[in-house]
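**Student:** Please see the structure below; I have some questions.
The values are calculated or read from the model by the stated rules, or taken from the named source; none is laboratory data. Only a predicted model underlies this, so the values are computations on that prediction, with no experimental measurement involved. A quick note on method: Cβ atoms are made from the backbone with ideal geometry, for glycine too, and the neighbour counts reach across all protein chains shown. To get the accessible areas, we keep the full protein, side chains included, count just its heavy atoms, and leave off ligands, DNA and RNA. Shrake-Rupley method; radii C 1.70, N 1.55, O 1.52, S 1.80 Å.
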Amino acid sequence: MGAKIRLGILGGGGDSLIGVLHRIASAMYDKYQVVGGVFNPIWEENIGFAEKIGLPTNRIYKDFDTLIAEELKLPVSERMQVVSILTPNFLHFPMAKKLLENGFNVICEKPMTTTFEEAKILHATLKMAKTVFAVTYTYTGYPMVRQMRELVKEGALGKIQKVDAQYYQGWINPIIHDREKRSTTWRLNPEKSGISCCIGDIGTHAFDMLEYVSGLKIEAVLADLNYLYEDNKMDIDGTVMLRCSHNVKGLICASQIATGEENSFIVKIYGERAGLKWEQENPNFLYLMEDGKPMRVLKPGHTYNSDLSLDGTKLPPGHPEGIFDSMGNIYKGVAKAINKEPYDHGEYPTIIDGVRGMNFIEKAVESHRKGNVWVNIEEVE
Ligand SMILES: NC(=O)c1ccc[n+]([C@@H]2O[C@H](COP(=O)([O-])OP(=O)(O)OC[C@H]3O[C@@H](n4cnc5c(N)ncnc54)[C@H](O)[C@@H]3O)[C@@H](O)[C@H]2O)c1
C-alpha cells in the first residue's frame, strides 16, 4: 500500500453528531490520515478540539477560504487530497464548489446542498474538475444492504413488484412542541437546512436507499407532509407515494415525530418470487422471504454473500458490523477511486445520487404545496 490519503475535515467538531463517525470511518482501513481542517467557526473551539484529538495544529485554519488558500501554497505531494464536509447543510454548496474549483476531491454529507439548482451547479462544476465526489448516504455501506442490492441484481426476487422504506425517528418531538426550541434549532431553519427538515434529512436516505437496492429509478412522487404548527416552516413528518421505472409502485414514510422511535430505518423490496427486508437497528440480519417457505436470515461474512458485501466485511461471521463499519466502507470505496484502483459502482454514492436526492426533496415539497399531486423527478446525466 502507498502513502495514506491526506484528508481535511470541515465541521464535525467536538459539539457535532457526525464528526466522530467520519474520523473513525476514515481510519478504519488505514487508507486516510487526517491532516487538518476547520472543525468549528469559533477559533478557540476549533483549535481546542484539534488539540484534544491529538492533531498537529499547523493545518487547522480559521475558515474554509483560508484552508483552501493555504493548502494551495503547499506542494501537491503535501496538500490535502480530499476534504470531508460535515457542516450544517447551507455550507455544503459553497464549500464543495470552491473545493472542486481548486482541484480537491470531496466527500460531502447529505443533503448535498440546500436546493436542486445548487446541486446541478455542483454537478457541472465536478464535470470540469474531474475529481472524485462522494455523498455519504451512510447506510448503503452496510454489508447486508450491499447483499440486498446484489441479490436483486442477480434476479433472486424475480420481477420487482413493490418497494417500501420507512424511516422513523422521534428526536424532534420534545423540540417541536416548545416554541423557543423549535425557533432556534438549525434543522428547522430554512436558511440553514433548506426547504425541508424530515424529507431533506431522512426521506432523502430512504429515496437513495430504494434506488440503490432495487436498481430502479423513482420517476414521480406524490407527497403529504406534516408541519404540526403554523409557525413551523419545515416538515417534520411525511408520506410519499412513488412511481418507479418498470411500473413499480412504492412508498416512503419518514417521520421525526414518531415518539419513542430512535433510528428505525426499514427497507423492503418485494418481487414475484421473494421479498427482502433489512432493518438499520439490526443491520446484520437480511431477511429473505418466500411463499410457503420458512424465512431465512442472511448474515455478513459468509461465503454465500456477494463480493461487494464481503469486501465490506472485515471479520469472520458473528462479529457485528455497525454504522462505523458502514461509513468505513464508503470511505474505502472513495479511496479506491482517488487512488485510481478498480471499484464497484455500489461502493460509494456519487454526485448523481446527491443531485437526485435534492430533486426528490424539492419535488416532494412541491407535490405537497400543490395539494398532493404527482410531480416528476428529473433525469440526471
Ligand atoms: N449520513 C448521515 O447519516 C448523517 C447523520 C447525521 C447528520 N448528517 C449530516 O451531517 C451534517 C452535519 O450534521 P450534524 O448533526 O453533525 O450537525 P451538528 O450541528 O451536530 O454539527 C455541525 C458541526 O459543524 C461545525 N460548523 C458549523 N459552521 C461551521 C463553519 N462555518 N466551518 C466549520 N465548521 C462549522 C459546528 O461547529 C459543528 O461541529 C448535516 O448536513 C447532516 O444532514 C448525516
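**Student:** Between His345 and Ile53, what is the spin-label point distance in nm, taking each point 7 Å from the Cα along the Cα→C-beta axis?
**Tutor:** Calculated label separation equals 3.3 nm.
**Student:** Mind ordering 213-224, 228-239 by average Cβ neighbours within 10 Å, highest first?
**Tutor:** 213-224, 228-239
**Student:** Given a 1.4 Å probe, how much area per residue of the chain is accessible, in Å²?
**Tutor:** Result: 43 Å² per residue.
**Student:** Placing +1 at every Lys and Arg Cβ and -1 at every Asp and Glu Cβ, with all other atoms neutral, what dipole size does segment 281-360 have around its Cα centre, in debye to the nearest 20?
**Tutor:** With only Lys, Arg, Asp and Glu charged at Cβ, the dipole is about 80 debye.
**Student:** Order the peptides 39-45, 274-280 from the highest to the lowest mean number of other Cβ atoms within 10 Å of their residues.
**Tutor:** The packing order, highest mean first, is 274-280, 39-45.
**Student:** Kindly identify segment 302-343 as rounded, prolate or oblate by the Cα gyration tensor criterion: order the square roots of the eigenvalues as a ≥ b ≥ c, call it rounded if a/c is under 1.5, otherwise compare a/b with b/c, prolate if a/b is larger, else oblate.
**Tutor:** Taking the square roots of the gyration eigenvalues as a ≥ b ≥ c, segment 302-343 is oblate.
**Student:** Right, next: For segment 179-293: lysine pairs with Cα atoms under 19 Å, gap of 8 or more or different chains, count?
**Tutor:** 10
**Student:** Report, to the nearest whole %, how much of the accessible area of segment 263-353 belongs to carbon and sulfur atoms, 1.4 Å probe, protein only.
**Tutor:** Ligands and nucleic acids excluded, carbon and sulfur give 54 percent.
**Student:** Note down the magnitude of the dipole of segment 1-121 about its Cα centre, charges +1 on Lys and Arg C-beta and -1 on Asp and Glu C-beta and zero elsewhere, to the nearest 20 debye.
**Tutor:** Dipole magnitude for segment 1-121 comes out near 380 debye.
**Student:** About its Cα centre, how strong a charge dipole does the chain have in debye, to the nearest 20, once Lys and Arg get +1 and Asp and Glu get -1 at the Cβ?
**Tutor:** 680
**Student:** Using a 10 Å cut-off on Cβ atoms, rank the peptides 354-362, 242-250 from the highest mean neighbour count down.
**Tutor:** My ranking of the peptides, most packed first, is 354-362, 242-250.
**Student:** How high is the relative contact order of the chain, given as a whole-number percent (alpha carbon pairs under 8 Å, six or more residues apart)?
**Tutor:** With pairs under 8 Å counted, the relative contact order is 20 percent.
**Student:** With every protein chain present, what accessible area does Asp208 have (1.4 Å probe, heavy atoms only), rounded to the nearest 10 Å²?
**Tutor:** Here the residue's solvent-accessible area equals roughly 10 Å².
**Student:** Can you list the residues of segment 154-176 with backbone N under 14 Å from a point 7 Å past the Cα of Glu281, pointing along Cα to Cβ?
**Tutor:** Under cut-off, by backbone N: 166-171.
**Student:** What is the ratio of the Cα radius of gyration of segment 12-61 to 2.2 N^0.38 Å, where N is its residue count, to two decimals?
**Tutor:** 1.09
**Student:** Percentage of Cα-Cα pair distances in the chain greater than 38 Å, rounded to whole percent?
**Tutor:** 17
**Student:** Would you work out the relative contact order for segment 277-336, in percent, from Cα pairs under 8 angstrom that are 6 or more residues apart?
**Tutor:** 23
**Student:** Return the whole-Å distance between the Cα centroid of segment 290-328 and the Cα centroid of segment 179-238.
**Tutor:** Centre-to-centre (Cα) distance: 30 Å.
**Student:** Let me know the Rg and Dmax you get for segment 99-200 when you use only its Cα atoms, in Å.
**Tutor:** 18.4, 52
**Student:** Which whole-number percent is the relative contact order of segment 221-315 (Cα, under 8 Å, 6+ apart)?
**Tutor:** RCO, segment 221-315: 13 percent.
**Student:** Something else about it: In nm, give the distance between the simple-model label positions of His246 and His319, each being 7 Å from the Cα along the Cα-to-Cβ direction.
**Tutor:** With each label placed 7 Å out from Cα toward Cβ, I get 3.6 nm.
**Student:** Quick one: with all protein chains in place, what share of the accessible area of segment 1-144 is carbon or sulfur, to the nearest percent (1.4 Å probe)?
**Tutor:** Taking all protein chains in place, segment 1-144 shows 57 percent carbon and sulfur surface.
**Student:** Another question, then. Give me the distance in nm between label points sitting 7 Å out from Cα along the Cα-to-Cβ direction at Lys4 and Lys370, one decimal.
**Tutor:** Result for the modelled spin labels: 5.0 nm.
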